[in-house]
Amino acid sequence: MIQHPNKNYIDPIPVRIHNQSAYCAHVEEETDGKPWFHDIKEYLSKGEYLEHTNHIKKRTLWRLSNHFFHSGGNLYRRTPDLGLLRCVDAKEASQLLEDVHAGTYGPHMNGFILAKKILRAGYFWMTMETDCIQYVHKYFQCQVHADMIKVSSNKLNATSSPCPFAA
């Protein structure tokens, strides 16, 4: 650690207040108009690599394709317990984030729990956990009420009686 010559100096934090709400895209949109799983789906359906792929891309595609299953026009990701998760594109992923976080599958939650609930619902995309964390950080109501939720849960834990069934 380096001591600042003026010990009472605090760096200012620039804060900008906007008159309108900002809605940010939390899931990256596809630049070429194709979903992230297009190459894997094409490889599994045709059994051939795409035209302009080099050796490294072929090897990566082959490794990725071992974890996916193509059926009925949909691509599914295999789970270790032999379950299948349907792969979704960016538009559907954004809708899933909003629906699950808003309370369709329970109350508002943090990013990791949100990702687990989406997985349990049977959906998958590659950047799921990162997108869930970013979505929760950008969700205005969760940020405003975060301190009150922590305070109220601490008060409940301190005043509640122990569980009669606990050993």
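The values are calculated or read from the model by the stated rules, or taken from the named source; none is laboratory data. As the structure is a computational prediction, the values presented were derived from the model and not from experiment. Positions of Cβ are backbone-derived with ideal geometry, glycine not excepted, and every protein chain shown enters the neighbour counts. We work out accessible area using only protein heavy atoms, side chains counted, and drop any ligands, DNA or RNA first. Shrake-Rupley method; radii C 1.70, N 1.55, O 1.52, S 1.80 Å.
General observations
- Scanning segment 33-60 for residues being within 23 Å of the chain's Cα centre (by Cα) and in contact (Cβ under 8 Å) with a residue 12 or more places away in the chain gives a total of 6.
- Looking only at segment 30-59, and only at residues there that are under 30 Å from ILE133 (Cα atoms) and among the acidic types (Asp, Glu), the one that is modelled with the highest pLDDT: ASP39
- Within segment 4-29, if we keep just the residues that are out of contact with any Asp or Glu (no Cβ under 7 Å at 6 or more places or on another chain), open to solvent by less than 90 Å² (accessible area, probe 1.4 Å) and not small (Gly, Ala, Ser), the residue that is modelled with the lowest pLDDT turns out to be CYS24.
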